[in-house]
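Each remark here refers to the structure printed beneath this line.
The values are calculated or read from the model by the stated rules, or taken from the named source; none is laboratory data. Please read all numbers here as calculations on a predicted model, not as lab measurements. Here the Cβ positions follow ideal geometry from the backbone for every residue, glycine too, while neighbour counts run over all protein chains shown.
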Amino acid sequence: MGYYGFGWKPYVTVAERRRKAAREMEKRKKQGHAVSPVSIPDRIIARTFWGKAWCENLERYSDYANRLPRGRTYVRNGSVIDLQITTGAIHAYVSGSELYQVALEVAPVAKAKWKSICNDCAGGIDSLVELLQGRLSEGVMERICRQGHGLFPSPAEIRLSCSCPDWADMCKHVAAVLYGIGARFDHQPELLFRLRAVDEKDLIVHVGKGTPLTKQGPAAGKVLGGEDLSELFGLDLAESGGAGKAVKAKRAKKVVLSRKGMSKPRVAAASTQGRRSAAGARKRVGREENNRTDS
Ligand SMILES: [Zn+2]
């Protein structure tokens, strides 16, 4: 320990560290523990919406900004040799001059906050697949990432600890783990919802209940893969009931358009059922606005 005072530490090459860490992890595996290393083969820590949003959230807090950068090299060179994310907690092993144990606690999203996020995103996310792939409208992304009010925790909601001797507020092992979490969310974004103790399905309340409501308008390709519904209807009627019915249907559409003053053919072209769900959607907008004033 004496050499710390002179700023000199025994040099341990990355290769040596890795060998040592690999032996430790092998031992743990034999003892029946799951081992899940963070592997970053091309230097880019996070490339998906979820991974990047996690890292960007951390970097915007001045409490962390100065200390985080030294974690990047560590996570990139494979030092986070095990990372486990569970509800409210992260446990990791980081290989330094020794093998260190990092434990983080993350508070769950407060119920009122989660309700507000879900209300604001209602109808804006069509499916779990789109949500987890991060194929979201800008409005939804902004809401989810909103500083202090979104899904990502603030430093006040995170407790950090490491078994290393030079533990201060944040050592490079903890910083590496924080980035490692972002890398993990690239592959398993659902773990963010586990970590924060919320159910991602709450964000997709309109699955199977007709036309999804989107306040900002749907992103390209969201509605029936971007096909024109009027085309679909015309084709369907022509095939099942002959050309005459199709022409009638088109006339009916025009009447609906002029009577209701609707400018969007997508809505006007829908059948009675479609109009009903559009009316339902309008009702839902009303309800949401009420909810927002309540919360
Ligand atoms: Zn440490």
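For this structure, a couple of remarks:
- Verdict on ALA92 being away from the ligand (no atom under 16 Å from the Cβ) and at pLDDT 95 or above: no
- Among the residues of the stretch 69-83, just one is crowded, with 20+ Cβ neighbours inside 10 Å and over 18 Å from LYS20 (Cα atoms), namely GLY71.
- Of the residues making up the stretch 136-147, those that are part of a loop (DSSP other than H, G, I, E, B), crowded, with 17+ Cβ neighbours inside 10 Å and in contact with a Phe, Trp or Tyr (Cβ under 9 Å, 6 or more places away or on another chain) number 1.
- Cβ-Cβ contacts under 7 Å between residues 6 or more apart (or on different chains), taken from a first residue in the stretch 152-166 that is more than 8 Å from the ligand (Cβ to nearest atom) to a second residue that is among the aliphatic types (A, V, I, L, M) and in a loop (DSSP other than H, G, I, E, B), are listed as PRO153/ALA107; GLU157/ALA107; LEU160/MET170.
- Of residues in the stretch 100-119 being in contact with an Asp or Glu (Cβ under 8 Å, 6 or more places away or on another chain) and not in a strand (DSSP E or B), the one farthest from ALA15 (Cα to Cα): ASN119
- Boolean, ASP169 is within 16 Å of the ligand (Cβ to nearest atom) and assigned to a loop (DSSP other than H, G, I, E, B): yes
- Which numbered condition VAL129 misses (of (1) crowded, with 22+ Cβ neighbours inside 10 Å; (2) of a type in the set (Val, Ile, Thr); (3) more than 16 Å from the ligand (Cβ to nearest atom)): (1)
- Considered as a group, the residues in the stretch 172-198 that are within 24 Å of PRO69 (Cβ to Cβ) and β-branched (Val, Ile, Thr) include one that is farthest from the ligand (Cβ to nearest atom), and that residue is ILE181.
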